[in-house]
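Where a number appears in this text, it was derived from the coordinates with a stated rule and is not lab data. Note that the structure is predicted; figures quoted are calculated from it, not measured. Please note: Cβ atoms are built from the backbone with ideal geometry, for glycine as well, and neighbour counts cover all protein chains shown.
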Amino acid sequence: MYKEIYKKIKEYNTIVIARHVGVDPDALCGQLALRDSIKLTFPDKKVLAVGTGSVKFLQIGKLDKIEETSNALLIVIDTPDIKRIDSAECSSFAYKIKIDHHPFVEKFADIELIEDTACSACEILMKLLMKTPLKCDKEIAEKLYMGLVSDSNRFLFNSCTSQTFSLVSKYIEEYNLDLSSMYQKLYLRPLNEVRLEGYISLNMTVTENNLAYIKITDKIINEYGVDSAAAGNMVNNFNFIDQIMVWATITEDVKNQQIRVSIRSRGPEINKTAEKYGGGGHKFASGVKLTTFEEAMCLMNDLDKLLLDYKKENGER
């Protein structure tokens, strides 16, 4: 399938690379790396990486504005379903390719490369570049590494396999990657975000069934001087709290008139519960977009029941 994707890339003169709404480093780094790789391999092609950006990730790279798409190839990365594609209307493209590491949700592309055991979309793209004539340089390799590191939470998840480390080792060696500078781009953050993290630690609700959640209202976001995306991304900072098995951030996004819920788990599989509310994702890392805090609390109740059932099934109290 890697060679089929390469043939289609070679065939089209205009290529648009999109990803899911709610940008994260894996999706952003992946689309920028693939864009730059195609342009390096085929300098005469028009290649655009599109979507809504974030001030938080400006150091990673800049996105493009979408243009005429009727005779273009669309490549969608890190996105399992059509409703979550950001800034690209699928039906307007001549041909579509999906490259994704989420569990299958729906088919919307002509070619669908889905590797749901991969730790990140960037891991799949690393293999794509290694198995085809698509070119790579140090900057492209850095983006792929940053995306992989971010989505694996610095190799903490079980989705990181020996193949993951083998790929990373080859890229580090071949392109002499400066790990320290890349980690700064990913993790350097302002003091006000750290203070918000402290607020979350002090104010999160923890249930008897080991569910933790925090409601982050627009008032709190303004008080700490952060954006709603930064607040939601803090969900990964609470992975190793002994009394917590499932945890969530519930963030008010006034600009987009929605409540964004990010959920993580160290035990029960949460993606089916997220899908019940129109969201989804991985078994242990999912998200949902809602319209009210009341809906969010219904979701929290369902997660609490999920935990109760999980603990009974595993003989835990």
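Among the trypsin sites (Lys or Arg not before Pro) in the range 246-298, those placed in a DSSP loop whose Cβ has at most 16 other Cβ atoms within 10 Å are Lys255, Arg266, Lys283.
Taking every alpha-carbon pair under 8 Å whose residues sit at least 6 apart, the range 2-186 reaches a relative contact order of 24 percent. Counted by neighbouring Cβ atoms within 10 Å, the residues Cys298, Cys29, Cys119 run from fewest to most as Cys298, Cys119, Cys29. Net charge dipole, the range 60-154: roughly 220 debye, given to the nearest 20, about the Cα centre with Cβ charges of +1 for Lys and Arg and -1 for Asp and Glu. Within the shell defined by Cβ-Cβ distances under 14 Å, the residues around Thr14 carry a net charge of +3, with Lys and Arg each +1 and Asp and Glu each -1. Within the chain, the longest run free of chymotrypsin sites (Phe, Trp or Tyr not before Pro) that sit in a DSSP loop with at most 14 other Cβ atoms within 10 Å is 1-103.
For the range 35-99, the relative contact order is 30 percent, taking Cα pairs closer than 8 Å that sit 6 or more residues apart in sequence and dividing their mean separation by the residue count. Largest GNM mean-square fluctuation among Asp242, Asp44, Asp302, using the chain with Cα springs under 10 Å: Asp242.
The trypsin sites (Lys or Arg not before Pro) of the range 1-64 that meet both conditions, a loop assignment by DSSP and at most 16 other Cβ atoms within 10 Å of the site Cβ, are Lys45, Lys62.
Applying a DSSP loop filter and a limit of 16 other Cβ atoms within 10 Å to the GluC sites (Glu not before Pro) in the range 249-285 leaves Glu269. For the chain, the relative contact order is 12 percent, taking Cα pairs closer than 8 Å that sit 6 or more residues apart in sequence and dividing their mean separation by the residue count.
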